[in-house]
Amino acid sequence: MNLIAGVLFSALYFGGISINKYVLSVLGFKYPTIFQGWQTLAGLIIYKLLNVFNKPSYPITPVDRAGFISIIPGLLFYTTSLVSNSKALAELPVCIYIAVQNILPAGVFLFDRIYPNRPPTPPLQGICSILTVVTGVGLVVGETSLDFQESGYFWLLIGVMCNGACVLHARIADARFSSWDRLYYSSVFSVIVLAPASLYLEEAFQALQFRHDRQELFLTGCVFSAIFTAAINLYSVVLKEDEYFGLLQNLASAG
């Protein structure tokens with residue numbers, strides 16, 4: 001893993017969050033099932049095109065009944081985290097959002113260092129990871145109040161927990177499914193779930209009434225948000241093949 005990979009991951013990660021924040025907060029499009037449904041649908045189309053035109057590099061493992069039962073908890077965690085993180089990002093500053101999200105990669109990095117036969121951790125990396133976890137937890141604890149469940153911190157905490165559950169579940173799920181397979185099937189599952197959910201929650205009807213003074217900015221933001229989200233997901237799949245991806249992700253999130 002080199003510095004260029006870390007910088008590229010950081011740029012994609014921060015760029016995606018910034019565009020999503022712009023659409024959700026500045027433009028005021030606060031309909032997470034619609035917004036995330038659009039992103040996952042656009043991503044799914046991109047993933048399918050990659051599979052069709054470059055199948056040797058992007059093969060999809062067929063899923064049977066046993067495989068589906070094995071991966072479905074991860075699919076549920078993934079979809080829940082999408083909606084929760086979207087609601088949190090709409091309410092909270094980007095710096096707070098990133099700081100709390102850092103708890104997961106930093107925590108996973110520290111957790112993995114506990115195992116025997118692992119390369120020794122440089123003191124600076126260990127200290128930075130500990131500070132990241134303490135800072136993120138402190139931000140959440142400091143905002144607990146009577147209306148905590150109505151705040152963006154609540155949704156952010158739910159998102160981090162679901163992301164963590166998804167990461168840990170991937171380690172015990174059916175080994176036939178690679179990170180690429182899980183990304184593809186998670187996108188399929190999210191599209192299937194979020195479409196009827198948007199109707200049940202009536203967000204689909206509310207979104208039809210949404211109009212912004214600069215409609216072209218809204219449409220452009222939605223397109224770029226989908227592109228950045230698909231790009232960061234694909235690049236994450238590549239980086240997960242590296243043993244020290246957790247460290248790189250922590251560095252990128254902190255950026």
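Some notes on this structure:
- Here the chain is treated with +1 on each Lys and Arg Cβ and -1 on each Asp and Glu Cβ, and its dipole about the Cα centre works out to around 420 debye.
- Part-to-part distance (alpha-carbon centres) for the range 221-239 and the range 175-214, which is given in Å: 15 Å
- Mean residue ellipticity at 222 nm, helices only, the chain: -25000 deg cm²/dmol; runs of at least 4 DSSP H residues each add -39,500 (n - 2.57), and the sum is divided by the number of residues.
- In the context of the full set of protein chains, residues of the chain present 53 Å² of accessible surface per residue (probe radius 1.4 Å, heavy atoms only).
- For the pair Ala195 and Arg211, label points projected 7 Å from Cα toward Cβ lie 2.8 nm apart.
- Cα centroid of the range 156-172 to Cα centroid of the range 1-36, whole Å: 19 Å
- Fluctuation leader among Thr132, Thr220, Thr33 - the chain, Gaussian network, Cα springs under 10 angstrom: Thr220
- Percentage relative contact order, the chain, counting C-alpha pairs under 8 Å, at least six apart: 44 percent
- Exposed chymotrypsin sites (Phe, Trp or Tyr not before Pro) absent: longest stretch of the chain, with sites in DSSP loops and at most 15 other Cβ within 10 Å deemed exposed: 1-209
- Kyte-Doolittle mean at least -0.5 and Cα axial length at least 15 Å: DSSP H helices in the chain: 3-21, 32-53, 65-91, 103-114, 123-141, 152-170, 179-200, 215-239
- The lysine pair tally for the chain, using Cα distances under 20 Å and a gap of 8 or more places or different chains, is 4.
- Among the protein heavy atoms of the chain, carbon and sulfur supply 69% of the accessible surface, probe 1.4 Å, non-protein parts ignored.
The values are calculated or read from the model by the stated rules, or taken from the named source; none is laboratory data. Quick caveat, the model's predicted, so the values are computed rather than measured. Here Cβ is always computed from backbone atoms with ideal geometry, including for glycine, and neighbour counts include all displayed protein chains. With ligands, DNA and RNA removed, areas are computed over all heavy atoms of the protein, side chains included. Shrake-Rupley method; radii C 1.70, N 1.55, O 1.52, S 1.80 Å.
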